[in-house]
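Asker: Once you've had a glance at the structure underneath, I'll fire off some questions.
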Amino acid sequence: MTITITAFERSPDRGQGLARDMRVRWALEEVGQPYDVRLLSFAEMKEPAHRALHPFGQIPTYEEGDLALFESGAIVFHIAGRHAGLLPDDANARARAITWMFAALNTMEPPIFDRSIAIFVERDKVWYEERLALLKDRIRGLLNALSSHLGDAEWLDGAFSAADLLMVTVLRSLNGSGLLEEYPNLPAYIARGEARPAYQRAFDDQLAVFNAASVG
Ligand code: GTB
């Protein structure tokens with residue numbers, strides 16, 4: 001059955017792979033599932049046809065036969081449940097990997113995303129510098145804990161899993177912030193994720209969309 005996902009027609013990240021279709025592309029590449037991509041403008045995302053798939057009018061979505069999903073974490077979890085390679089078979093190891101999936105999205109991502117929003121849309125506020133400093137402190141606390149957990153390990157809990165896929169995509173939003181470099185095992189962890197052939201195929205595909213939109 002054909003899988004179709006949605007992505008930005010012209011991503012504001014200029015092809016850096018920070019939009020959340022990247023997680024879904026990467027997961028599909030890891031499990032070797034071909035997929036089609038429907039590109040959407042910001043206006044198209046808010047139209048009824050897309051809202052029928054995504055109540056909040058965002059990307060990414062995932063369609064497979066009569067199944068339609070939204071939320072990148074739920075989509076990655078669905079892919080990991082349907083195909084081998086993204087979650088361990090052992091029940092306890094699988095539960096731990098799922099725990100780390102939630103940790104990436106529920107614990108790490110909120111202040112990291114808030115920092116991005118602050119930089120993009122709150123720069124002109126009188127309280128901007130104070131808010132940014134508070135967010136950075138919160139992020140440092142989380143990075144410190146993550147770095148301690150990871151130690152010298154390659155991945156969060158044994159073999160590479162959907163948890164690492166989500167965690168790496170969350171951490172990449174801090175590129176250029178200087179925060180990651182305070183914990184040297186974290187840039188190395190991100191680099192291991194980015195070195196995976198599946199990551200590279202996903203990255204190249206979403207970059208090609210941006211490049212095509214730029215010449216078009
Ligand atoms: N919780 C949802 C999920 O994980 O799927 C959040 C989905 C979401 O935020 N989608 C964004 C969107 O559709 C794109 S990814 N925005 C359009 C809108 O809301 O109208 C978030 C994103 C956007 C841009 C950058 N960037 O430029 O770096 C990074 C991440």
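Asker: Has region 45-64 got any residue that is in contact with a His (Cβ under 9 Å, 6 or more places away or on another chain), part of a helix (DSSP H, G or I), within 9 Å of the ligand (Cβ to nearest atom) and not polar (S, T, N, Q)?
Answerer: yes
Asker: While we're here: In region 65-98, which residue that is of a type in the set (Asp, Glu) and either farther than 20 Å from Thr169 by Cβ or modelled with pLDDT under 95 (or both) is nearest to the ligand (Cβ to nearest atom)?
Answerer: Going residue by residue through region 65-98, those that are of a type in the set (Asp, Glu) are 66, 71, 89-90.
After this cut, where a residue has to be either farther than 20 Å from Thr169 by Cβ or modelled with pLDDT under 95 (or both) as well, the list is 66, 89-90.
Details: Asp66: 21, Asp89: 26, Asp90: 27 Å.
Taking the candidates together, the pick is Asp66.
Asker: Now, a different point. Hey, can you tell me all the residues within region 198-211 that are open to solvent by 60 Å² or more (accessible area, probe 1.4 Å) and free of Cβ contacts under 8 Å to residues at least 12 places away in the same chain?
Answerer: First, pick out the residues of region 198-211 that are open to solvent by 60 Å² or more (accessible area, probe 1.4 Å): 200-201, 204-205, 211.
Those that are open to solvent by 60 Å² or more (accessible area, probe 1.4 Å) and free of Cβ contacts under 8 Å to residues at least 12 places away in the same chain: Gln200, Asp204.
Asker: Out of region 143-172, which residues are out of contact with any Lys or Arg (no Cβ under 8 Å at 6 or more places or on another chain), assigned to a loop (DSSP other than H, G, I, E, B) and in contact (Cβ under 8 Å) with a residue 40 or more places away in the chain?
Answerer: Passing the criteria: Leu156, Gly158, Ala159, Ser161.
Asker: For Leu18, work out the one condition from (1) in a loop (DSSP other than H, G, I, E, B); (2) near the ligand (Cβ under 10 Å from one of its atoms); (3) out of contact with any Lys or Arg (no Cβ under 8 Å at 6 or more places or on another chain) it doesn't fulfil.
Answerer: So Leu18 meets the others, but not (3).
Asker: Let me ask something else. If we keep just the residues of region 1-15 that are over 27 Å from Leu174 (Cα atoms) and in a loop (DSSP other than H, G, I, E, B), which is farthest from the chain's Cα centre (by Cα)? Quick ask: steps written out before the conclusion?
Answerer: Residues of region 1-15 that are over 27 Å from Leu174 (Cα atoms), as a first pass: 1-4.
Now drop any that are not in a loop (DSSP other than H, G, I, E, B), which leaves 1-2.
Numbers: Met1: 24, Thr2: 22 Å.
It comes out as Met1.
Asker: Quick one: is Lys46 over 15 Å from the mean Cα position of the chain (by Cα) and in the same structural domain as Ala19 (by TED's automatic domain parsing)?
Answerer: Details: over 15 Å from the mean Cα position of the chain (by Cα): yes; in the same structural domain as Ala19 (by TED's automatic domain parsing): yes.
So Lys46 fits the description; yes.
Asker: Looking only at residues that are in a helix (DSSP H, G or I) and in contact with a strand residue (DSSP E or B) (Cβ under 8 Å, 6 or more places away or on another chain) in region 21-41, which one is surrounded by the fewest Cβ atoms within 10 Å (Cβ to Cβ)? Walk me through it before giving the result.
Answerer: We begin by selecting, within region 21-41, every residue in a helix (DSSP H, G or I); these are 21-30.
Pick out the ones that are also in contact with a strand residue (DSSP E or B) (Cβ under 8 Å, 6 or more places away or on another chain) and you get 21, 24-25, 28.
Numbers: Asp21: 25, Val24: 29, Arg25: 25, Leu28: 22.
Checking each candidate, the answer is Leu28.
Asker: Check Phe42 against each of (1) more than 11 Å from the ligand (Cβ to nearest atom); (2) closer than 27 Å to Ile119 by Cβ; (3) of a type in the set (Phe, Trp, Tyr) and name the one condition it does not meet.
Answerer: Just one mismatch for Phe42, condition (1).
Asker: Within region 185-197, does at least one residue satisfy the condition of being aromatic (Phe, Trp, Tyr) and free of Cβ contacts under 8 Å to residues at least 24 places away in the same chain? Lay out the reasoning, then the answer.
Answerer: Let us first name the residues in region 185-197 that are aromatic (Phe, Trp, Tyr), namely 189.
Cutting the leftovers down to free of Cβ contacts under 8 Å to residues at least 24 places away in the same chain gives us none.
Scanning region 185-197, I find no residue that is aromatic (Phe, Trp, Tyr) and free of Cβ contacts under 8 Å to residues at least 24 places away in the same chain, so the answer is no.
The values are calculated or read from the model by the stated rules, or taken from the named source; none is laboratory data. Quick caveat, the model's predicted, so the values are computed rather than measured. Methodologically, a virtual Cβ is constructed for each residue, glycine included, from the backbone with ideal geometry; neighbour enumeration extends over all protein chains shown. Calculation scope for accessible area: heavy atoms of the full protein, side chains included, ligands and nucleic acids excluded. Shrake-Rupley method; radii C 1.70, N 1.55, O 1.52, S 1.80 Å.
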